[in-house]
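What follows is calculated from the coordinates using simple rules that are stated; it is not laboratory data. Keep in mind that what you see is a predicted model, and the values were worked out from it rather than measured. Note that we place each Cβ from the backbone using ideal geometry, even for glycine, and neighbour counts take in every protein chain shown.
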């Protein structure tokens, strides 16, 4: 299969049950890699592989020649995947026949390959960044605006290219910027409906709520959680960034405490990663908008990746459902 043309994930997902057993080859990024043990004691790997156009999951058992190659490569590595078309519970889940790691120096010499491997936000990153800075400039409270500016001076360029998640929503390059701008747009539209919510404080909370993710995630081609991300999490990391910036900007104690609370509570539920339940009008507002855009981000990505051949997507863990892909009739 060495001379087989390399297929993208979008091309692979056009296969149906009638293509069972067909061989293929692809160049893919290891997005997630989890070592597990079967009930009989045998090891296996649960793997998510993907490129710019999407991803798929498959299981690699310990007796497969691909097992050691995948473990040695690790998350974020790039492999040439050769396998056969198979389906599991109606999902594309191929059987690997051979997996070979692609050395970094080989990738560096093929910029087009890297471009095809990395999924990016559909909106232009430069335009998003300009719009984002406009929202900061729109904050009327001087020390609050200075606090937000100081946070982004601290995190630097990382915010502009970071994903908003490893897998759930806006999980691609510039995804964090896109997610934050979408939230700011929604907040700007909805704030007039809720005069009880302080607009500057709520907008500041929107802009900084996920800044801890610039520390929580690391990786060039695929994101994984860093040491600090695992040990502290983005909520605590974001709180630390905001507190440091607020003290530097001499933000009054009450506003700083309220801004910190937005960051600490924006995940909504402790089971979802929140440090505390939202307990101010602004924190409730930001948490709801965060949940809205996270869910709609999942919807938008599923619709972008649809090829028009299926009525429903595969079941999405974040939505806890399949998504109807067809548009409403006339």
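Brief remarks follow.
- Model label sites at residue 158 and residue 288, defined 7 Å from Cα along the beta-carbon direction, differ in position by 3.3 nm.
- Between the stretch 179-215 and the stretch 38-94, the C-alpha centres lie 39 angstrom from each other.
- Entry note, the chain: the mean residue ellipticity at 222 nm calculated from DSSP H runs of n ≥ 4, each adding -39500 (n - 2.57), is -13000 deg cm²/dmol after division by the residues and rounding to the nearest 500.
- Extension gain, residue 93-residue 35: 0.36 nm per intervening residue step, less the Cα-Cα distance, totals 19.2 nm.
- Efficiency of FRET from Cβ geometry, residue 317 and residue 143, R₀ 30 Å, rounded to 0.05: 0.15
- For the stretch 170-251, the calculated P(r) over all alpha carbon pairs, in 5 Å bins from 0 to the bin holding the longest distance, is 3, 14, 19, 20, 19, 14, 7, 3, 1 percent.
- Backbone N under 12 Å from the residue 226 label point (7 Å along Cα→Cβ), restricted to the stretch 129-160: 155-159
- For the peptides 259-272, 148-161, the ranking by mean Cβ contacts within 10 Å, running from highest to lowest, is 259-272, 148-161.
- Cα-based shape type of the stretch 159-300, given that a ≥ b ≥ c are square roots of the gyration tensor eigenvalues and the cut on a/c is 1.5: oblate
- Nearest 10 degrees, 0 to 90: helix 281-305 Cα axis against the chain principal axis: 30
- Take every pair of alpha-carbon atoms less than 8 Å apart whose residues are at least six positions apart; their mean separation over the length of the stretch 125-305 yields a relative contact order of 23 percent.
- Principal-axis tilt of helix 233-248 within the chain, Cα atoms, nearest 10 degrees: 30
- Relative contact order for the chain: 13 percent, from Cα pairs under 8 Å spaced at least 6 residues apart, divided by residue count.
- Where the alpha-carbon atoms of the stretch 219-330 are placed on the principal axes, they occupy 56, 35, 25 Å, in descending order.
- Linear extension gain, residue 123 paired with residue 191, 0.36 nm per residue minus alpha-carbon span: 22.1 nm
- Set of the stretch 3-29 residues, backbone N closer than 15 Å to the point 7 Å along the Cα-Cβ line of residue 116: 3-13, 24-29
- Inter-probe distance in nm under a simple model that places probes 7 Å from Cα toward Cβ, at residue 296 and residue 257: 3.4
- Degrees, to the nearest 10: 142-155 long Cα axis against longest axis of the chain: 30
- The stretch 9-117 - Debye-derived log10 I(q)/I(0), Cα point model, q = 0.19, 0.21 Å⁻¹: -0.98, -1.17
- Percent of alpha-carbon pairs separated by more than 33 Å within the chain: 33
- Antiparallel DSSP beta bridges within the chain, as percent of all bridges there, nearest 5: 95
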